[in-house]
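Chemist: Just dropping this structure here.
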Amino acid sequence: MLISIGSNLPGAGGASSLETCRWAATRLDALPHLRLSALSRWYSTAPVPPSSQPAYVNALAVVRVAPGATEPDPPMLLAWLQAIEADAGRLRTVPNAARTLDLDIIAMGDGGQMVRATPDPVLPHPRAHLRAFVLVPLLDVAPSWMHPVLRRPAGELLAALPPQDVTVLD
């Protein structure tokens, strides 16, 4: 499973976006029968679509099923991720609003190849291939991932994008 982690507002108790995102990564590792197996570098990224919002902190996590367990179904995983977002103080207002935490399922299934058109969540994430803030960290942890619908590797998808502001955080 490939999970995108992002934030551009202070979290619970005034935690920075980076602190909130790091906390979320530890929560991914604590989900039932799942283990965080890789985490990309942390990036500062411009909002997409462009807006006056503050920059985001983004990363991508690879989460694997524990030995002997089965992968959760997509709606169950989505519910778990939304519970983590709520614990971080996320309020759902309008689309593309600034947020304390955003956890998106980018891909699931064997090799991240599950295709699911409806109902939520749609897999692979319907806009992942258009967002450098997803593709750049994805290349850190899953450089051979192939988009299961477009049949194009992540690096090729990234190269086709117009420039987007993505900078490694130190």
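Each reported figure results from applying straightforward, stated rules to the coordinates on display, with no laboratory input. Keep in mind the model is a prediction, meaning the values are calculated, not measured. Cβ atoms come from the backbone with ideal geometry, glycine included; neighbour counts cover every protein chain shown.
Chemist: Can you tell me how many residues in the stretch 3-56 are part of a strand (DSSP E or B) and closer than 24 Å to P95 by Cβ?
Modeler: Step one: list which residues in the stretch 3-56 are part of a strand (DSSP E or B), which gives 3-7, 34-39, 43-45, 56.
When the remaining residues are screened for being closer than 24 Å to P95 by Cβ, the result is 3-7, 43-45, 56.
Result for the stretch 3-56: 9.
Chemist: Among the residues that make up the stretch 58-77, is at least one of them in contact with a strand residue (DSSP E or B) (Cβ under 8 Å, 6 or more places away or on another chain), under 30 Å from R151 (Cβ atoms) and assigned to a helix (DSSP H, G or I)?
Modeler: yes
Chemist: Scanning for something more than 24 Å from T20 (Cβ to Cβ) and either without any contact (Cβ under 8 Å) to a residue 40 or more places away in the chain or surrounded by 15 or more Cβ atoms within 10 Å (Cβ to Cβ) (or both), does the stretch 93-109 turn up at least one residue?
Modeler: Yes, that holds for at least one residue.
Chemist: Identify the residue in the stretch 117-135 that is in a loop (DSSP other than H, G, I, E, B) and in contact (Cβ under 8 Å) with a residue 12 or more places away in the chain and, among all such residues, is farthest from L60 (Cα to Cα). Give the derivation first.
Modeler: Initial filter on the stretch 117-135 (in a loop (DSSP other than H, G, I, E, B)): 117-122, 124-127, 131.
Subsequent filtering for residues that are in contact (Cβ under 8 Å) with a residue 12 or more places away in the chain retains 119-121, 124-125, 131.
On the way: P119: 23, D120: 20, P121: 17, P124: 14, H125: 13, R131: 12 Å.
Here the answer is P119.
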